[in-house]
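One structure is given here, and the rest of the page talks about it.
The values are calculated or read from the model by the stated rules, or taken from the named source; none is laboratory data. Owing to the predicted nature of the structure, the values given are computational and were not obtained by experimental measurement. Cβ: placed from backbone, ideal geometry, glycine included. Neighbour counts: every protein chain shown. Quick note on the areas: whole protein, heavy atoms, side chains included, nothing else; ligands and nucleic acids left out. Shrake-Rupley method; radii C 1.70, N 1.55, O 1.52, S 1.80 Å.
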Amino acid sequence: MKAIVYYKYGSPDVLKLEEVDMPTPADNELLIKVHAVSINRSDWEGLTGKPLYARIGGLFKPGYKILGSDIAGTVEAVGKDVQQFKPGDEVFGLILNYGGGFAEYARTSERALALKPAGMTFEQAAAIPQAAFIALQGIREKGQVQPGQKVLINGAGGGTGTFAIQLAKLAGAEVTGVDNREKLDLIKSLGADHVIDYTKEDFTKNGQHYDLILDVIAHRSVFAYQRALAPNGTYFLAGGSVATMFQILLLGPWIRKTTGKKIRVLAVQTDSKDLVYITELIESGKVKLFIDKRYSLSEAAEALRYLGEGHAKGKVVITVEQNNET
Ligand SMILES: NC(=O)c1ccc[n+]([C@@H]2O[C@H](COP(=O)([O-])OP(=O)(O)OC[C@H]3O[C@@H](n4cnc5c(N)ncnc54)[C@H](OP(=O)(O)O)[C@@H]3O)[C@@H](O)[C@H]2O)c1
C-alpha cells in the first residue's frame, strides 16, 4: 500500500511517499481502508520530535514510521475478537496509540472508533476525533463548565480550540479565545465573546481572572496561570512545553493546597461515546465543523507545513485516493 513515511525527526521535507507492507490486525483489531485523515498538532510534534514528549516512541528516531491519528474509512477486515464492527462498516476514530493514518490502510482497536453518520463525509468525520476528545474532556467532562463562568481557551483557532469555544458557549459560559490575529475572526464567528491576539497581549498579565482555562499550547510558568485563575478556578494543560508540564506536575498540588486553584495536566481518555455525542451536536447544527483546507495523500508534507507554519484555522484534512484494485 502507499503511505507517507519518515525515518528521522525533522521538517516536512523528511516525509516520503513509499510502498510499504499492509498492516496486519491482531485478533482484537480492525483493518481500515482509509478514505480521509486529519492533521493534528500531535502529527507536527511527532514529525519534528518537539516537545520532548513527542519522542515517546523513539528518542533518537521515530518509533512509528507513519504519522496520522484521526482517520475515517471503511472496515476491510476484523480480528476474531472484534465485536462492534464488521467489514463494510464506515467508521471514524482516533488511532493515536497506533499512528499510521497517512496511508491507504491502518489498523486499530475498537476503543476509540464509531460508526460514521451517513450524512457526514469521510473528510468531515476525520476532522473530529482528537480535537473533539480534548475539547469535550477539557470543557465538559473534566472542566464541568457552568452557565455564567468565564472560560479562556488558549490556542482557540486550531483544531481543539474551535470545538472548545462552541462547547463552552453551549454550556452557557462567557468565552475568551486567544490565538494569532489571522484567526480572531473565526474565533468570534464560533461564538467567543472576547478575543486576544497572543502576539500583542499576554492573557496572564491583563488583570482578568477565569474560572476555567483550557490551554493547548502552554509555555508559561505555573505562577502565571495561577495569577490568571479566579478563586477555585481550574487550569488544564492539554499540550505545550515539557518544562511547563513538569512544573505543573511538581507544583500544581501545592498551589491547590495553598490557594484552592487547580492547575493540572489534562490526560485525555478516549471513549467512542464521546464521538457519538459530538457527531450528534454537529448533525443538529449546534456545533460547526471548520475545515480550512484539503490535501491529497501525496501532498501530506505541504499539509503538515501549512499547520506547522501557523496558517491552519480549525482543521486540515487529507483525502486518501482509493485504489480499488488493492
Ligand atoms: N492531553 C492529552 O491527553 C492530549 C492528547 C492528544 C493530544 N494532545 C495535545 O494537545 C494539543 C492539541 O493541539 P491542537 O491539535 O488543537 O493544535 P492546533 O490545531 O495546532 O491549535 C493550536 C493553536 O494554538 C495557536 N498558538 C500557537 N502559539 C500560541 C501561543 N503562544 N498562544 C496562543 N495560541 C498559540 C496556534 O496558532 P499558530 O498558527 O499561531 O501557531 C493554533 O491555532 C497538542 O499539543 C497535542 O499533542 C494532548
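Below, the figures for the structure above:
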read-out: Long-range neighbours under 8 Å by Cβ, at least six apart or interchain, first residue of a type in the set (Phe, Trp, Tyr) within region 127-143, second away from the ligand (no atom under 12 Å from the Cβ) and open to solvent by 10 Å² or more (accessible area, probe 1.4 Å); value: 133/274
read-out: Per-region count, region 278-289, residues more than 16 Å from the ligand (Cβ to nearest atom), in contact (Cβ under 8 Å) with a residue 24 or more places away in the chain and open to solvent by less than 70 Å² (accessible area, probe 1.4 Å); value: 3
read-out: Flag for residue 265 being in contact with an Asp or Glu (Cβ under 6 Å, 6 or more places away or on another chain) and either within 16 Å of the ligand (Cβ to nearest atom) or closer than 20 Å to residue 123 by Cα (or both); value: no
read-out: Per-region count, region 196-220, residues within 21 Å of the chain's Cα centre (by Cα) and assigned to a strand (DSSP E or B); value: 5
read-out: Where a residue in region 49-67 is assigned to a loop (DSSP other than H, G, I, E, B) and its partner, wherever it lies, is open to solvent by less than 30 Å² (accessible area, probe 1.4 Å) and of a type in the set (A, V, I, L, M, F, W, C), with Cβ under 6 Å and at least six apart; value: 65/5; 67/102
read-out: Scan of region 212-242 for residues that are open to solvent by 50 Å² or more (accessible area, probe 1.4 Å), away from the ligand (no atom under 13 Å from the Cβ) and within 20 Å of residue 194 (Cα to Cα), ordered by number; value: 227
read-out: Residue in region 65-83 that is farther than 23 Å from residue 16 by Cα, within 13 Å of the ligand (Cβ to nearest atom) and of a type in the set (Ser, Thr, Tyr) present; value: no
read-out: Selected residue (criterion: most open to solvent (accessible area, probe 1.4 Å)) from residues of region 140-185 that are aliphatic (A, V, I, L, M) and either in a loop (DSSP other than H, G, I, E, B) or within 8 Å of the ligand (Cβ to nearest atom) (or both); value: 171
read-out: Check on residue 89, among the charged types (D, E, K, R) and open to solvent by 50 Å² or more (accessible area, probe 1.4 Å); value: no
read-out: Any hit, region 302-321, residues being in contact (Cβ under 8 Å) with a residue 24 or more places away in the chain and open to solvent by 80 Å² or more (accessible area, probe 1.4 Å); value: yes
read-out: When residues of region 24-41 are limited to those that are crowded, with 19+ Cβ neighbours inside 10 Å and not hydrophobic (A, V, I, L, M, F, W, C), the one farthest from the chain's Cα centre (by Cα); value: 25
read-out: Qualifying residue in region 121-137 (condition: part of a loop (DSSP other than H, G, I, E, B), open to solvent by 10 Å² or more (accessible area, probe 1.4 Å) and not basic (Lys, Arg)); value: yes
read-out: Residue that is surrounded by the fewest Cβ atoms within 10 Å (Cβ to Cβ) [pool: residues in region 243-277 that are modelled with pLDDT under 95 and in contact with a Lys or Arg (Cβ under 8 Å, 6 or more places away or on another chain)]; value: 271
read-out: Leading residue by the ranking (most open to solvent (accessible area, probe 1.4 Å)) among those in region 197-211 that are within 10 Å of the ligand (Cβ to nearest atom) and touching a residue at least 40 places away in the same chain (Cβ under 8 Å); value: 198
read-out: Every residue from region 74-86 that is closer than 21 Å to residue 36 by Cα, open to solvent by less than 80 Å² (accessible area, probe 1.4 Å) and in a loop (DSSP other than H, G, I, E, B); value: 85
